[in-house]
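One structure is given below, encoded as structure tokens.
The values are calculated or read from the model by the stated rules, or taken from the named source; none is laboratory data. Treat the numbers as computed from the prediction; the structure is a model and nothing was measured. Neighbour counts are summed over all protein chains in view; Cβ atoms, including those assigned to glycine, are modelled from backbone coordinates with ideal geometry. To get the accessible areas, we keep the full protein, side chains included, count just its heavy atoms, and leave off ligands, DNA and RNA. Shrake-Rupley method; radii C 1.70, N 1.55, O 1.52, S 1.80 Å.
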Amino acid sequence: MKKSLIALAVASAAMAGSAYAANVEVYGLLDTSLAYVYADPDASGHDGEGKFTMENAREFGSRFGLRGSEDLGNGMKVGFVLESGIKSDSGELDQGGRLFGREAHINLTGDFGYLAFGLQPVFGSTLGQHGLFRAIDPLFANYTEAFGSGHASASSWTRVDNAVSYVTPTWAGFTFYGMYSFQNSSKTTDGFYNDGAREGSAEVDRYGALAARYQAGALESVLVWDMTTYGNERHNKALDKYGDNIDHGMTATFGGNYTFGNGLKVLAFGQWFKDQELGRRAGVMSGALKAHGIVDGSGVGNYGFVDGYGLSLGVNYPIGGGVAKAQVAYRDMENQNDVEFNRWTIAAAYDYPLSKRTAVYAMTGYTQESMEGTVDSKKVDADPSGYEFTVGMVHRF
């Protein structure tokens, strides 16, 4: 028994020494909440439904990870991030069960800027080191169902595989960004392309983005343009289903924030988008989409490929030791079948820190979306709605 304890202590010391030498850090975050969500599909034969559940990651994605760096000299460093998404309410891996589904990349930094290779968050998100939407998102309600900036835009707010990204040094307050993914997702079970499809070829979905950020005192602004080049398989399926050839998906987002002397921060953005596939981010509108026949091939509520724009205005204000937040947002769009969607959202939240690493939050919001058009020769004219109340706790380690 004593020999086993001695061996364990020696192994632990060796691992600690290696970690120190390599400058490796273990980190993570847990976000668990209780949420009540109500959705009314405004469809004959379909009643409104409410649910009260324990939820993972209403505000931030729960995760644990490893990151580290090595000084190469001459101002250069090589680093890495391996980050796993977890479901704090059940202990399962998130991102479809991937071990490092949130981030997995190696990076090089120096006087030239930042260069990274691997699975990375896109700039049009609040994720990772370079998620530029942090500058325009007032609530950080990343995974709510009835409100949040994701419902005022058509961006994916996610990450891509097989990506190369570059961030310049900052000149006179300006920083520039670029990213290209040779294949958005390496998984083929989603039916977007066949097994054996070649990375970087026209068989697969690819992604590109350019962005700029400006910071000067109390002002911060961002401009993000991105494009998803859909693979041939997706084009063919869209042609078979909709009788229309879907072009590449594009979004252009401009916004920023300004902090006044009393601590009040105003955040706003506008987004234009075209042929952008908008699938599983419908939230409380999922049931309404399904009830009115606006679905994908698996029968799940799906807006389809959409053109339109979104607008958001929000505020943050420090009060009572925490931060009060509010947002009003609007999105106007139509899909490839000329079904029109107009969605209004209002929301409010309050974050209160219990310590440097632990905080509690409360969020609520209401949304209504008008749907008008014809689906499978049936007229759609509905105003589904929904609301949500959520309270939760975030702990960082």
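Brief remarks on what is shown
- Each residue of region 275-285 was assigned a 3J(HN,Hα) from its phi angle through the Karplus curve 6.51 cos²θ - 1.76 cosθ + 1.60 (θ = phi - 60°); the sequence is 6, 8, 6, 10, x, 8, 10, 6, x, 5, 8 Hz, with glycine and proline shown as x.
- With a simple spin-label model that places each label point 7 Å from the Cα along the Cα-to-Cβ direction, the separation between residue 324 and residue 258 comes to 2.2 nm.
- Fraction of accessible area attributable to carbon and sulfur, region 290-370 (%, probe 1.4 Å): 61 percent
- C-alpha long axis of helix 232-242 to longest principal axis of the chain, angle in °: 20 degrees
- Sequence-distant residues sharing a close amide H with residue 380 (under 5 Å, placed H): 373, 374, 375
- Sites residue 342 and residue 199 - FRET efficiency at Förster radius 41 Å, r taken between beta-carbons, to 0.05: 0.60
- A simple spin-label model places the labels of residue 66 and residue 383 5.6 nm from each other, with each point 7 Å out along Cα-to-Cβ.
- Per-residue ellipticity at 222 nm from helix content only, as computed over the chain with -39500 (n - 2.57) for each DSSP H run of at least four residues, stands at -3000 deg cm²/dmol.
- Here the Gaussian network model covers the chain, with springs between Cα atoms less than 10 Å apart; of 116, 135, 218, 218 fluctuates the most.
- Residue 34 paired with residue 46, simple spin-label distance in nm, labels 7 Å along Cα-to-beta-carbon: 3.0 nm
- Listed pairs 265/356; 290/325; 51/265; 87/187; 87/274; 187/378 exceeding 25 Å between Cα atoms: 290/325; 51/265; 87/274; 187/378
- Each peptide in 269-278, 250-259, 63-72 receives the mean, over its residues, of other Cβ atoms within 10 Å, and ordering these scores from highest gives 269-278, 250-259, 63-72.
- Computed Kirkwood radius, in angstrom, where 1/r is averaged over Cα pairs of the chain: 22.7 Å
- Phi-derived couplings, Karplus 6.51 cos²θ - 1.76 cosθ + 1.60 at θ = phi - 60°, listed residue by residue for region 209-220: 8, 10, 8, 9, 9, 10, 10, 8, x, 7, 9, 9 Hz, with x used for Gly and Pro.
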